[in-house]
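Below is one structure; the comments refer to it alone.
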Amino acid sequence: MKKTIIITGATRGIGKGLFDRLSPRSFNLATMYHSDDKSADLLRNTCIEKDIDFIIEKINVKDFNQVRLFVDNVISKYGRVDYLINNVGTSVFKTIHDTTLDEWEESQDILLNAPFVLCKSVLPIMRQQQFGRIVNIGASTKDYMKGVAGIGLFAIHKAALTVLTKTLALEEIQHGITVNMVAPGSTKDAGIIPEENRTSVSQIPIGRRIEVDEVVEAIMYFLSDKAGSTTGQFLGVNGGSST
């Protein structure tokens, strides 16, 4: 039976890199994207060329009713969900003093609440299967658990996502579901905001930005059959940052 994978934001960046790595395999793809119709059309064409069954929908992840309906449609069509990759993100570079409540709530909705809703939506079918792999995409340019000045919204909500990951891991391993986090550092061609605006190469011990494929490699381990006892783990792919 074909595996079914949900990737939020598979039209570009890390999500697209993961799709490219998986594309030689037989699987069903379900993804949502926010605004880039051109990239979505390219992904649809690639799926057709490679004979990959797909659901690709334009959805705002802050619309939680639409997110739940999306997952329901995936389950209705394919009968299962094997992998969930919570990949979408946002960044606001402001101090807490200068952050508005609307900006705070938007960041929380995208970085924390949307992964929570997606996890909640797939857990029943994964429990029924007694199998599931959930990978949340975190961040590790800095040690966000300690707090980082100037990017508080991003740092706080990514730190909270880390705790959500570890909590779910403890609760769901008895059902055959693993929950882990891959946390990229400054990654080329991965974010909605150019990485040079986030951190300079001089601040990265390895002396370069991380490649998307290096992040994908870490995700692939957590999805693998050999990772059935690996859960609640935080894997920073960051070239020595946050150590």
Considering only protein heavy atoms and a 1.4 Å probe, what is the carbon-and-sulfur percentage of the accessible area of region 113-219? 55 percent
Listed residues Thr95, Thr141, Thr162, most fluctuating in the chain (Gaussian network, C-alpha, under 10 Å): Thr95
Packing-based order for 82-89, 214-221, 227-234, 27-34, using average beta carbon neighbours within 10 Å, highest first: 82-89, 27-34, 214-221, 227-234
Heavy-atom accessible area per residue - region 6-115, 1.4 Å, Å²: 48 Å²
What lysines sit close enough to Lys38 to cross-link, taking a C-alpha to C-alpha distance under 26 Å and skipping anything fewer than 8 places away on the same chain? Lys16, Lys50, Lys58, Lys62, Lys77, Lys188
May I ask which residue of Met145, Met126, Phe54 lies farthest towards the positive end of the charge dipole of the chain, with charges of +1 (Lys, Arg) and -1 (Asp, Glu) on Cβ and the Cα centre as origin? Met126
With +1 at each Lys and Arg Cβ and -1 at each Asp and Glu Cβ, the charge dipole magnitude of the chain around its Cα centre, to the nearest 20 debye, comes out at 520 debye
For the chain, modelled as a Gaussian network with Cα springs under 10 Å, which listed residue fluctuates most, Phe93, Phe131, Phe19? Phe93
Of the candidates Ile204, Ser229, Pro24, the farthest towards the positive dipole end of the chain (Lys/Arg Cβ +1, Asp/Glu Cβ -1, centred on the Cα centre) is Ser229
Among Lys158, Lys120, Lys16, determine the one that fluctuates most according to a GNM of the chain built with springs between C-alpha atoms less than 10 Å apart. Lys120
Based on alpha-carbon positions alone, could you give the equivalent ellipsoid semi-axes of the chain from the gyration tensor, as √(5λ), descending, whole Å? 27, 19, 19
Taking a straight Cα-to-Cα line shorter than 23 Å from Lys146, and setting aside same-chain lysines fewer than 8 residues away, one finds Lys94, Lys158, Lys166
With r defined as the distance between the Cβ atoms of Glu217 and Asp189 and R0 fixed at 22 Å, what FRET efficiency is calculated, to the nearest 0.05? 0.90
In degrees from 0 to 90, rounded to the nearest 10, what is the angle of the helix 212-223 Cα long axis to the longest principal axis of the chain? 50 degrees
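The values are calculated or read from the model by the stated rules, or taken from the named source; none is laboratory data. Predicted model only: the values in this text are computed from it and were never measured. Note that each Cβ is placed from the backbone with ideal geometry, even for glycine, and that neighbours are counted across all protein chains shown. We work out accessible area using only protein heavy atoms, side chains counted, and drop any ligands, DNA or RNA first. Shrake-Rupley method; radii C 1.70, N 1.55, O 1.52, S 1.80 Å.
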